[in-house]
Amino acid sequence: MSFVIRPARAEDVASIGRWTEDTFSWGDYVPKMMGAWLEEADSLVIVCVDGDDTPIGLSRVQLLSPTEAWLSATRVHPDHRRSGMGMAMNDHAVEWARSQGALVARLVIEESNEAARGQVLRSSYRPGSRWAYATAPKSTGRRLLPDERLRAGTTVDADAAWTFWSQSDLAHAARDLISLGWRWRKASRADLEKAVTAHDFFQSPGGWLVAEGDEEGISVRWMATTAPDAPLLLQGLRDLLRDRHGGRVEAMVPVTGWSVEALQREGYEVHPAQIYSKAL
């Protein structure tokens with residue numbers, strides 16, 4: 001079928017919301033977030049429209065740094081899948097990112113989504129780092145001893161953490177990326193400094209981590225530890241949840257030879273995801 005790609009408009013939100021609300025078993029974030037995306041700088045939301053200018057496809061691209069683009073939220077109306085829209089929107093988003101100065105485009109796909117994985121490989125993306133999306137409820141077991149628990153870290157602690165992480169197998173497995181929720185870009189020392197200022201940087205004898213908290217729980221963006229010390233760090237994270245927040249822990253952790261097993265041993269449910277990248 002024929003379609004046209006154009007920038008999304010506010011009047012597209014309701015139409016797209018109707019056919020994206022049940023994308024996954026839990027629903028979809030697109031209907032809730034699309035309106036806000038249209039207001040963001042350094043990003044582009046595009047739609048595929050039919051002959052009546054009705055949106056039947058959607059995709060989003062952002063600049064996470066001056067040279068790094070992130071592609072996400074690609075959706076095609078159920079009645080129009082396998083029509084080439086997904087690949088066409090990807091190409092359009094990549095060209096926009098290149099025009100803005102990006103040198104690399106990345107996206108993430110859960111490893112269970114074989115169809116999407118095949119599509120991005122056909123679009124010249126290459127597999128990069130693998131990540132474990134890990135979740136755990138609030139701990140109800142024994143608390144760690146006071147000197148084993150996580151505490152707020154300082155700038156000096158951040159210096160030590162960055163030096164350690166930069167040479168660690170976690171950094172190597174991550175390809176030096178940091179998680180921004182379900183988005184990734186190159187990590188920098190400034191990320192830890194910002195976390196210290198925001199009171200989101202923690203340390204314990206088990207290592208260091210960057211964790212943001214709200215009423216829904218704690219989200220871990222970055223961690224530095226070793227295989228022997230990881231259990232202590234992960235236990236401390238669940239104690240921190242019990243002390244300061246409700247909800248659950250969510251963590252994005254690079255997949256190494258030991259990280260997934262460590263998470264599972266501490267009661268975390270793990271879902272693997274693969275980042276793909278394309279040089280522009």
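The values are calculated or read from the model by the stated rules, or taken from the named source; none is laboratory data. Bear in mind the structure is a predicted one, so any value in this text is a computation, not a measurement. We place every Cβ from the backbone using ideal geometry, glycine too, and count neighbours over all the protein chains shown. Accessible surface areas use protein heavy atoms only, side chains included; no ligands, DNA or RNA. Shrake-Rupley method; radii C 1.70, N 1.55, O 1.52, S 1.80 Å.
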Residues of segment 53-78 with amide N under 16 Å of a point placed 7 Å along Cα→Cβ from Val4
53-57
Please work out how much length the chain gains when fully extended from Gln100 to Glu21, using 0.36 nm per residue of separation minus the C-alpha to C-alpha distance, in nm with one decimal.
25.3 nm
Solvent-accessible area per residue for the chain at a 1.4 Å probe radius, Å²?
49 Å²
Quick calc: nm separation of the 7 Å Cα→Cβ label points for Ala279 and Gln167 -> 2.9 nm
What is segment 119-209's relative contact order, in percent, from Cα pairs under 8 angstrom and six or more apart in sequence?
38 percent
Add +1 for every Lys or Arg and -1 for every Asp or Glu among the other residues with Cβ under 13 Å from the Cβ of Phe201, and state the total.
-2
What residue among Gln235, Pro272, Gly217 has its Cα farthest toward the positive end of the dipole of segment 206-280, where the charges are +1 on Lys, Arg and -1 on Asp, Glu, each on the Cβ?
Pro272
Starting from the Cα of Lys278, draw a straight line to each of the lysines and keep only those under 17 Å, dropping any in the same chain fewer than 8 residues away.
Lys186
How far apart, in nanometres, would the label points at Glu269 and Glu148 be if each is projected 7 angstrom from Cα along the Cα-to-Cβ direction?
2.6 nm
Set of aspartates and glutamates near Lys138 by C-alpha distance (under 17 Å), chain-local residues within fewer than 8 positions excluded
Glu212, Asp214, Glu215, Glu216, Asp239, Asp243, Glu250, Glu266, Glu269
Under the 7 Å Cα-to-Cβ spin-label approximation, Arg82 and Ser188 lie apart by a distance in nanometres of 4.5 nm
Collect residues whose amide H, placed 1.01 Å from N in the peptide plane, falls under 5 Å from the amide H of Gly57; neighbours closer than 5 in sequence don't count.
Cys48, His77
How much of the accessible area of segment 69-228, in percent, comes from carbon and sulfur atoms when a 1.4 Å probe is used?
51 percent
Hz values of 3J(HN,Hα) by residue in segment 97-114 - Karplus curve (6.51, -1.76, 1.60), Gly and Pro given as x
4, 4, 5, 8, x, 5, 10, 8, 10, 10, 7, 10, 9, 5, 5, 6, 8, 5
